Amino acid sequence: MADLIRFYFDQHYPAAVTAGLRRRGIDVVTAQEASQCGADDADQLAFAAAQGRVLATFDPDFLTLHRTGVSHAGIVWCPAT
């Protein structure tokens with residue numbers, strides 16, 4: 001069986017999304033739960049990578065970090081609506 005994807009949600013993700021994924025058995029940790037609110041983007045991405053988590057965000061600045069070659073476990077980006 002393939003490894004399950006573990007997520008780290010930045011501080012702007014709605015709680016309802018987190019709750020819905022958890023009801024479906026998805027492993028999600030939020031910036032609030034990890035006491036990472038207010039950390040800069042590079043530190044957020046490093047935290048997620050150290051935990052082996054894919055960072056989910058609305059912030060396009062993380063795409064810029066990705067393009068610089070920063071190591072990470074993955075980034076899920078979608079525009080805010």
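At-a-glance table
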| read-out | value |
| --- | --- |
| A39 surrounded by 14 or more Cβ atoms within 10 Å (Cβ to Cβ) and small (G, A, S) | yes |
| Segments classed as helices (runs of 4 or more DSSP H), wholly inside the chain, with at least 1 members that are in contact with a Ser or Thr (Cβ under 8 Å, 6 or more places away or on another chain) | 15-23, 41-50 |
| Check on V70, at pLDDT 95 or above and either of a type in the set (A, V, I, L, M, F, W, C) or in contact with a helix residue (DSSP H, G or I) (Cβ under 6 Å, 6 or more places away or on another chain) (or both) | no |
| Counted residues, the stretch 1-28 - those being of a type in the set (V, I, T) and in contact with a helix residue (DSSP H, G or I) (Cβ under 9 Å, 6 or more places away or on another chain) | 2 |
| Filter result (at pLDDT below 95 and in contact with an Asp or Glu (Cβ under 7 Å, 6 or more places away or on another chain)) within the stretch 29-40 | none |
| Counted residues, the stretch 40-81 - those being more than 18 Å from D27 (Cα to Cα) and among the β-branched types (V, I, T) | 4 |
| Of all residues making up the stretch 55-80, the number that are closer than 15 Å to Q11 by Cα and surrounded by 17 or more Cβ atoms within 10 Å (Cβ to Cβ) | 6 |
| Residue list for the stretch 6-22, restricted to those being touching a residue at least 40 places away in the same chain (Cβ under 8 Å) and within 17 Å of A46 (Cα to Cα) | R6, F7, Y8, F9, D10 |
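The values are calculated or read from the model by the stated rules, or taken from the named source; none is laboratory data. Note that the structure is predicted; figures quoted are calculated from it, not measured. No Cβ is skipped: glycine too gets one built from the backbone with ideal geometry, and neighbour counts run over all protein chains shown.
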